[in-house]
Amino acid sequence: MSSAASSSSAVLSNERVLILDFGSQVTQLIARRVRETGVYCEIHPFSMSAEAIAAYAPKAVILSGSPASVTDENAPSAPQIVFDLGVPVLGICYGQQTMCEQLGGGVTGSDHREFGRAFIEITGSCALFDGLWAVGSREQVWMSHGDRVTAIPPGFRVVAVSDGAPYAAIADDVRRLYGVQFHPEVVHTPHGAQLLANFVHGVAGLKGDWTMAAFKQQAIAKIRAQVGSGKVICGLSGGVDSSVAAVLIHEAIGDQLTCIFVDTGLMRAGEADEVVTLFRDHYNIPLIHRNASDLFLGKLTGVTDPEQKRKIIGGLFIDVFDEESHKIGGAEFLAQGTLYPDVIESVSFTGGPSVTIKSHHNVGGLPDRMKLKLVEPLRELFKDEVRALGRELGLPQSFIGRHPFPGPGLAIRIPGEITPEKLDILRKADTVYLEEIRNAGLYDAIWQAFAVLLPVRTVGVMGDGRTYDHVLALRAVTSTDGMTADWYHFPHEFLARVSNRIVNEVRGVNRVVYDITSKPPGTIEWE
């Protein structure tokens with residue numbers, strides 16, 4: 001993403017860390033770990049111009065990993081200004097390799113690759129390891145590299161080694177340049193978060209004063225400055241992101257904001273009523289509620305391809321939203337609950353923004369006919385930060401703590417054709433599932449849980465008769481960062497109880513299965 005397209009920080013903090021992305025699937029985790037220390041940071045492509053870097057004025061720079069090889073022709077490299085600014089620089093995996101290559105060291109391909117869990121031996125002390133690892137200790141880390149540093153640049157020294165990486169960690173304390181061959185940002189490096197905290201606090205000397213209370217006040221001021229006396233319309237999906245954005249904007253400009261809630265008929269049981277009650281009755285925010293469920297279901301009739309479903313839902317949502325917005329008249333701005341992962345994912349790591357709209361369906365483009373300027377007050381935030389902002393704004397925990405729900409909703413949790421009968425079955429089963437999770441006190445321990453109505457029917461026996469009904473799959477995952485997921489290990493007693501309830505209470509289901517697959521790094525949404 002270019003600086004103009006991606007950065008709207010507007011001095012959110014004077015203590016800003018710049019993360020240059022070389023294409024690693026876990027670059028976002030670096031930003032997450034840095035922000036968890038109270039330090040503001042942004043991710044930009046490695047191709048960010050020297051002028052843009054100087055204007056951003058980072059207090060420290062982190063170079064990410066990459067699927068590329070430093071030995072390849074035209075391999076990506078860091079802008080020279082990164083090493084000329086005089087600020088601390090940390091190279092991670094590929095970032096370490098390109099640092100070595102650019103500053104006078106050497107890197108070659110290697111037959112001894114390291115992927116997955118590995119152990120390093122600490123051979124020297126340095127600021128990265130303060131209070132963390134002692135000289136001589138053996139520590140678990142997560143490796144993911146094929147190339148190998150064969151020579152370090154002048155001024156550097158080795159502070160850690162591994163079986164496959166003789167330069168697993170290097171340090172130039174005078175210039176405050178550091179490189180690690182492993183990935184401290186992933187949970188598989190148990191003390192990696194502390195290492196990154198040592199870098200931003202101990203090495204860079206940053207205080208960590210970026211708080212959600214400060215963000216709220218700055219965001220309100222930015223909204224007022226951008227909007228002035230203009231009218232804003234906001235598309236409410238019923239999800240956390242658009243809801244927090246709407247409440248924040250309403251706090252900034254009051255009744256200059258009108259929300260439009262398009263009910264697609266694909267939401268979970270009772271959610272449409274919850275949205276209307278919360279915004280009309282509790283917050284008294286002007287709200288247009290358009291029940292378009294018949295229209296959406298009609299357009300989805302006979303459609304089985306999941307991507308086609310997405311496109312239909314996204315395109316139809318924009319059409320209905322546009323139709324309702326014309327009834328308001330005079331609106332100049334469109335508010336969206338765009339989050340920082342959406343900003344990052346809308347561009348290639350080679351740079352260049354793509355013109356996309358972050359509708360609640362994550363598809364489609366902003367039609368030229370709408371001629372609206374965007375207001376995106378959450379575009380610097382990750383999901384957990386949005387929830388923290390929601391709490392700061394006084395949204396009820398029962399609302400902001402809800403599990404993520406994709407824009408296409410139940411449509412992509414029904415593989416095959418969507419019918420009112422299938423939606424009814426899935427809503428009832430999903431309600432039972434979530435009710436049992438809450439009864440067991442497990443809801444907040446799970447990142448996301450949902451039911452899927454499989455395109456499979458089985459013969460079963462219930463009582464004295466045979467049945468030929470649907471198979472339902474249950475899914476539940478845990479996550480600490482929204483990037484990786486592991487299946488939740490329910491007790492067998494829980495699965496037996498919820499399966500029994502669904503089969504007994506939801507007509508049309510005679511078999512329930514539980515999905516125990518995990519999701520690798522790089523996955524943001526589970527559907």
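Of all residues in the range 207-230, which are in contact with a strand residue (DSSP E or B) (Cβ under 7 Å, 6 or more places away or on another chain) and buried (at least 17 other Cβ atoms within 10 Å of the Cβ)? Passing the criteria: W210, I223, Q226, V227. In summary, strands (runs of 3 or more DSSP E) completely within the range 97-194 and bearing 3 or more residues that are of a type outside the set (A, V, I, L, M) occur at 106-122, 138-151. Number of residues in the range 1-27 that are modelled with pLDDT under 85 and open to solvent by less than 30 Å² (accessible area, probe 1.4 Å) equals 6.
Tell me, yes or no, whether the range 203-213 has at least one residue that is in contact with a Leu (Cβ under 6 Å, 6 or more places away or on another chain), at pLDDT below 95, among the small types (G, A, S) and not in a loop (DSSP other than H, G, I, E, B). There is no residue in the range 203-213 that is in contact with a Leu (Cβ under 6 Å, 6 or more places away or on another chain), at pLDDT below 95, among the small types (G, A, S) and not in a loop (DSSP other than H, G, I, E, B). When the range 149-183 is filtered for residues that are in contact (Cβ under 8 Å) with a residue 24 or more places away in the chain, within 17 Å of S125 (Cβ to Cβ) and open to solvent by less than 10 Å² (accessible area, probe 1.4 Å), the ones remaining, listed by number, are V159, A160, A168, A169, I170, A171, L177, Y178, G179, V180. Under the condition of being open to solvent by 90 Å² or more (accessible area, probe 1.4 Å) and among the acidic types (D, E), which residue from the range 275-310 is nearest to the chain's Cα centre (by Cα)? Among those residues, the one meeting the criterion is E307. Criterion applied to A219, A214, A252 was being of a type in the set (G, A, S) and more than 30 Å from V87 (Cα to Cα), and the one residue passing it is A252. Scanning the range 286-333 for residues that are assigned to a loop (DSSP other than H, G, I, E, B) and out of contact with any strand residue (DSSP E or B) (no Cβ under 8 Å at 6 or more places or on another chain) yields a count of 6.
Does G254 satisfy being assigned to a loop (DSSP other than H, G, I, E, B) and open to solvent by less than 50 Å² (accessible area, probe 1.4 Å)? So G254 does not fit the description; no.
Condition first: among the aliphatic types (A, V, I, L, M), open to solvent by 20 Å² or more (accessible area, probe 1.4 Å) and without any contact (Cβ under 8 Å) to a residue 60 or more places away in the chain. Can you find one or more residues in the range 45-53 that meet it? Yes, there is a match, as at least one residue in the range 45-53 is among the aliphatic types (A, V, I, L, M), open to solvent by 20 Å² or more (accessible area, probe 1.4 Å) and without any contact (Cβ under 8 Å) to a residue 60 or more places away in the chain.
Just to be sure before I move on: is A225 of a type in the set (A, V, I, L, M, F, W, C) and touching a residue at least 12 places away in the same chain (Cβ under 8 Å) in the structure I sent? So A225 does not fit the description; no.
Rundown of residues vs (1) in contact with a Leu (Cβ under 8 Å, 6 or more places away or on another chain); (2) open to solvent by 40 Å² or more (accessible area, probe 1.4 Å), yes/no style:
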residue: I400; (1), (2): no, no
residue: G407; (1), (2): no, no
residue: D424; (1), (2): no, yes
residue: A429; (1), (2): yes, no
residue: E435; (1), (2): no, yes
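What about R501, is it among the basic types (K, R), without any contact (Cβ under 8 Å) to a residue 12 or more places away in the chain and open to solvent by 20 Å² or more (accessible area, probe 1.4 Å)? Taking the combined requirement at face value, the residue does not satisfy it.
Tell me whether the range 83-103 contains one or more residues that are over 18 Å from A171 (Cα atoms), open to solvent by 50 Å² or more (accessible area, probe 1.4 Å), modelled with pLDDT of 95 or more and not aromatic (F, W, Y). Explain how you work it out, then say what you get.
Pass one, the range 83-103, residues over 18 Å from A171 (Cα atoms): none.
Taking every residue of the range 83-103 in turn, none turns out to be over 18 Å from A171 (Cα atoms), open to solvent by 50 Å² or more (accessible area, probe 1.4 Å), modelled with pLDDT of 95 or more and not aromatic (F, W, Y).
How many residues are under 17 Å from A31 (Cα atoms), in contact with a strand residue (DSSP E or B) (Cβ under 6 Å, 6 or more places away or on another chain) and in a loop (DSSP other than H, G, I, E, B) when one looks only at the range 60-91?
In the first step, residues of the range 60-91 are kept if they are under 17 Å from A31 (Cα atoms); the result is 60-66, 88-91.
Right, trim to in contact with a strand residue (DSSP E or B) (Cβ under 6 Å, 6 or more places away or on another chain) and you get 60-65, 88-91.
Applying the additional criterion that residues be in a loop (DSSP other than H, G, I, E, B) yields 64-65, 88.
Residues in the range 60-91 being under 17 Å from A31 (Cα atoms), in contact with a strand residue (DSSP E or B) (Cβ under 6 Å, 6 or more places away or on another chain) and in a loop (DSSP other than H, G, I, E, B): 3 in total.
The values are calculated or read from the model by the stated rules, or taken from the named source; none is laboratory data. Only a predicted model underlies this, so the values are computations on that prediction, with no experimental measurement involved. Reconstructed Cβ throughout: ideal geometry from the backbone, glycine too, with neighbour counts over all protein chains shown. SASA here: full protein model, heavy atoms, side chains in, ligands and nucleic acids out. Shrake-Rupley method; radii C 1.70, N 1.55, O 1.52, S 1.80 Å.
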